[in-house]
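Data block below; observations after.
The values are calculated or read from the model by the stated rules, or taken from the named source; none is laboratory data. In this text, all values refer to a predicted model and were calculated from it rather than measured experimentally. Don't worry about glycine lacking a Cβ; one is built from the backbone with ideal geometry, like all the others, and counts go over all protein chains shown. Side chains are part of the model used for accessible areas, which takes the heavy atoms of the whole protein and leaves out ligands, DNA and RNA. Shrake-Rupley method; radii C 1.70, N 1.55, O 1.52, S 1.80 Å.
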Amino acid sequence: MLGAGGIGGYFGGRLAAAGVDVRFLVRSRRAAQLADSGLVIKSPLGDLVTPVSTVTEAPSPVDAVLLACKAYDLEGAVEAIAPAVGPSTLIVPLLNGMRHLDYLDARFGAERILGGLCHIGAALGAAGEVLHLNTLQLLVLGARAEGQRDAARALHGVLKQGGFAPVLSPDIQREMWEKFVFLTTYAGMTTLMRAPIGAILRAQEGEALVRRMLGECVATAAASRYIPSQEAYDRMLATLTQHGSSGTASMLRDLQGGGATEHDHIIGDMVRRAREAGSEAPLLRVSLAHMQAYDALRVAAG
């Protein structure tokens, strides 16, 4: 596991507690913290304290790497895990969006890169504990090519031991695109309006604008031959039009905290793909410009 933050700490901790051979690649300070108190998970599904194995430099080649970092940390993460990647190592990226796949394919070879995604609310507490913020703990992985199917099935069997019911998808790239469409709309609208979904929907044109941005994202996905299923579309729309919802994308929380965001990897990449498809995507372009202006101010302020 690269890191022991919210996502890596949660899934890796559940695996370690089940007896799976997991090593966490972490910085020295985090390694000392985990050695002192173990990996602590506080969850409505059951709290956990478990000793874990940590390394501060990547070990010799391993069977699999679960890569759960922010997109803006991807280059550094790739260099950190490189010594652990051998001829038969599988990498399961749990990043948002799609652009990281091209980068990982070029660096390690497409045959080593599975598709993956997760849906979970998790963060680190002040004492380094993993806070599971709800009951959602979905991890999905799958083969991106026929030759990966047996290896993906074997890895899925190992991950099942963690008790979080991972899903082996027969069409992982479509599922990744569906999340990309939803997340771009969710992040794009909540950051642009700097408000949760419920407040946006109280605005006179709020729901119309949400539906318009979702439509721009769906059209972009369709141009790449990944049309969301009706079931997935209905789920997206239900979340995005839920009156009274306090839901916001983590990108808005990062913005409000004055931190770096994944806007270029998510909204920016969707805008790039829309342009390549010949789509104007005006709302997406406004959303991206808003985030770029925020980032310019953030960088200027140091």
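Computed across the stretch 48-137, the Kirkwood radius stands at 14.6 Å (inverse of mean 1/r, all Cα pairs).
When the GluC sites (Glu not before Pro) in the stretch 240-302 are filtered for DSSP coil states and for at most 16 other beta-carbon atoms within 10 Å of their beta-carbon, the remaining sites are E280.
Using a Gaussian network for the chain with springs between C-alpha atoms less than 10 Å apart, which of these wobbles most: R153, R273, R235? Residue with maximal mean-square fluctuation among R153, R273, R235: R235. Comparing A106, A18, A58 in a Gaussian network model of the chain where C-alpha atoms under 10 Å apart are linked, the largest mean-square fluctuation is found at A106. For semi-axes √(5λ) of the Cα gyration tensor in Å, the value calculated from this model appears in (i) 32, 22, 19; (ii) 36, 21, 20; (iii) 59, 27, 15 under label (i).
Highest mobility in the GNM of the chain, judged by mean-square fluctuation with C-alpha springs under 10 Å and restricted to A77, A143, A35, is found for A35. For the chain, find the longest principal axis of its Cα atoms and tell me its angle to the long axis of helix 28-37, 0 to 90°, nearest 10. Here the helix axis deviates by roughly 70 degrees. For a distance above 24 Å, tell me the whole-number percent of Cα pairs in the stretch 129-253 that qualify. It works out to 41 percent of all Cα pairs. A DSSP coil position with no more than 12 other Cβ atoms inside 10 Å describes none of the trypsin sites (Lys or Arg not before Pro) in the stretch 1-76.
Here the accessible area is traced with a 1.4 Å probe on the protein chains. For the stretch 59-113, carbon and sulfur cover 50 percent of it. Amide H contacts of T54: F24, each under 5 Å away and 5 or more positions distant or on a separate chain (H built 1.01 Å from N in the peptide plane; Pro and chain starts excluded). Would you mind pulling out the separation of the Cα centroids of the stretch 116-187 and the stretch 192-247, in Å? Each part reduced to its Cα centre gives a spacing of 22 Å. Here's the list of aspartates and glutamates a cross-link from K179 could span, going by alpha-carbon distance under 17 Å and ignoring same-chain residues fewer than 8 apart: D171, E216, E231, D234, E262, D264, D269. Within straight-line reach of K42, meaning a Cα separation under 15 Å, sit the following aspartates and glutamates at least 8 residues removed in sequence or on another chain: E129.
Taking the C-alpha atoms only, the angle from helix 149-159 to the longest principal axis of the chain is near 70 degrees.
The length gained on full extension between D21 and E146, counted as 0.36 nm times the residue separation minus their Cα-Cα distance, comes to 42.3 nm. The residues of the stretch 1-138 present an accessible area of 44 Å² per residue when probed at 1.4 Å with all protein chains retained.
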